[in-house]
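The values are calculated or read from the model by the stated rules, or taken from the named source; none is laboratory data. Just so we're clear, the structure is a prediction, and the values are computed from it rather than from any experiment. Cβ: placed from backbone, ideal geometry, glycine included. Neighbour counts: every protein chain shown.
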Amino acid sequence: MRIDFFKAIIPMQFIKCTREALLKPLQMVSGIVEGRQTLPILANVLIQQEGNKVSFTTTDLEIQIRTTADVGSGEENCKTTLPAAKLLALLSALPSATTEVSLTTDERKVVLAAAKSRFSLSQLPAEDYPELNSSEMTTSFKIAAQNLKHLLQMVHFSMAQQDIRYYLNGMLLVVQNKKVRAVATDGHRLACCDDNAEIDFDGNIEAILPRKTVQQLMKLLPDTDEEVVIEIGKSHARFVFGDIDFLTKLVEGKFPDYNRVIPQNNDKIFLVNREELIGALRRAAILANEKFKGLRWIVGPGTLKIQSNNAEMEEADEQIAINYDGPELDVGFNVVYLLDVLNNLKNAEVRFALSNAQGATLLTMPDSELFRYVLMPMRI
């Protein structure tokens, strides 16, 4: 009996690798782990070792991220959960020249060892770790990683943050006519971007991805043409790329009919240099009302005037030359909504199409029909 007892608590090494090899998978999955958790185990990362293969899993009960790495050690298999933030912080704080790290367990604690450093970490049972049960996926298609990432980057800033209309706190992913589209709106502005490449899928799909899902995918997706397999079911979606398996719940509800919002007949059109406009907006914003951030635009033949003022009677007046010869138009805009989109674009000029002081404004790129940004005016 005594011999069996000592056998049971013999420390077992289950990971042995370089510091970077362990850091990489942990960084991939730790983005969704939050400090304050209703369930303590949600602050942990689930580590499952089978021979050389080790999987790392995290979840917040809305999203689940899993990745694998060849960092396993030992003949016996092991699974445990460790505090994700602490483990990541310790590995990051080790000298970059650290050649080897290891994780060893004795069923009560886990020891992280590196050179002359030893760190004892608490663990919680792997059996208690919750995993998302995805509904049966009904649809599957593929898209290049850089194309999907581009779609997310072009619209993410228009997502609502904490709107009572919960379906706005995310991004609509649309598949139609073998093309993929991303749409986001917070009720004040709307961004819509199409991917020009065709996909091998004939059906129609609409799914609302949560805000946090969009943010995490933008961080994880590579800027390559590597394929992403997207599976969509009634209540879940899965994104598989590289060594990452990303599972997310979908937002329930009906997304607004965005096509009705996009103006079709705005006839007061002009081009403006993007960098010059950004500079003028930033300067005018300094003296704008801090609460409403409203700027007055006076569009006239050859000139765009941008004006602002505040409660201290301070005023700003900027003028930019534009190629416009139509009637004068006086309209107000939220400067934050303008800078969000202008900072996200890369082209030299942007195209504005206005109707009147009360109607929605359409912002596009002169050389592309793939991106549209709709901005509602505000009273100044």
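Regarding A21, is this residue assigned to a strand (DSSP E or B), small (G, A, S) and without any contact (Cβ under 8 Å) to a residue 60 or more places away in the chain? No: the conditions fail for A21. In summary, strands (runs of 3 or more DSSP E) completely within region 194-250 and bearing 1 or more residues that are without any contact (Cβ under 8 Å) to a residue 40 or more places away in the chain occur at 236-241. A residue that is touching a Cys at 6+ places or on another chain (Cβ under 9 Å) and part of a loop (DSSP other than H, G, I, E, B) occurs somewhere in region 262-273. Restricted to strands (runs of 3 or more DSSP E) entirely inside region 284-380, those with at least 2 residues that are under 30 Å from P256 (Cβ atoms), free of Cβ contacts under 8 Å to residues at least 60 places away in the same chain and not acidic (D, E) are 294-300, 329-334, 361-365. Checking every residue in region 81-88 against the condition of being in a helix (DSSP H, G or I), hydrophobic (A, V, I, L, M, F, W, C) and touching a Lys or Arg at 6+ places or on another chain (Cβ under 7 Å) gives zero matches.
Filtered by the rule that a residue be under 24 Å from Y166 (Cβ atoms) and buried (at least 18 other Cβ atoms within 10 Å of the Cβ), region 221-246 gives I230, I232, H236, A237, R238, F239, F246.
In region 123-145, what count of residues is obtained for those that are more than 23 Å from E206 (Cβ to Cβ) and in contact (Cβ under 8 Å) with a residue 40 or more places away in the chain? Counting residues in region 123-145 that are more than 23 Å from E206 (Cβ to Cβ) and in contact (Cβ under 8 Å) with a residue 40 or more places away in the chain gives 8. Considering N334, N343, N323, N289, the condition of being under 23 Å from S355 (Cβ atoms), surrounded by fewer than 19 Cβ atoms within 10 Å (Cβ to Cβ) and out of contact with any Asp or Glu (no Cβ under 9 Å at 6 or more places or on another chain) is satisfied by N323 alone. Number of residues in region 151-176 that are surrounded by fewer than 17 Cβ atoms within 10 Å (Cβ to Cβ), within 22 Å of the chain's Cα centre (by Cα) and not in a loop (DSSP other than H, G, I, E, B) equals 3.
For region 226-265, what are the residues that are touching a Gly at 6+ places or on another chain (Cβ under 8 Å) and among the β-branched types (V, I, T)? If the condition is that a residue be touching a Gly at 6+ places or on another chain (Cβ under 8 Å) and among the β-branched types (V, I, T), then V251 is the only one that fits. The residues of region 48-68 that are in contact (Cβ under 8 Å) with a residue 60 or more places away in the chain and in contact with a Lys or Arg (Cβ under 7 Å, 6 or more places away or on another chain), listed by number, are Q48, T57, E62, I63, T68. Among the residues of region 231-268, those identified as touching a Phe, Trp or Tyr at 6+ places or on another chain (Cβ under 6 Å) and modelled with pLDDT of 95 or more are F239, F246, V251, F255.
Within region 84-102, residues that are without any contact (Cβ under 8 Å) to a residue 60 or more places away in the chain reach partners that are of a type in the set (V, I, T) with beta carbons closer than 9 Å, at six or more positions or on different chains, in the pairs A84/V29; A84/V33; A84/V45; A84/T58; A85/V33. Would region 58-72 turn up any residue that is small (G, A, S), touching a strand residue (DSSP E or B) at 6+ places or on another chain (Cβ under 9 Å) and not in a helix (DSSP H, G or I)? Yes, region 58-72 contains a residue that is small (G, A, S), touching a strand residue (DSSP E or B) at 6+ places or on another chain (Cβ under 9 Å) and not in a helix (DSSP H, G or I). Residues considered: S55, S30, S92, S96. Of these, the only one that is of a type in the set (S, T, N, Q), assigned to a strand (DSSP E or B) and either surrounded by fewer than 22 Cβ atoms within 10 Å (Cβ to Cβ) or touching a Gly at 6+ places or on another chain (Cβ under 7 Å) (or both) is S55.
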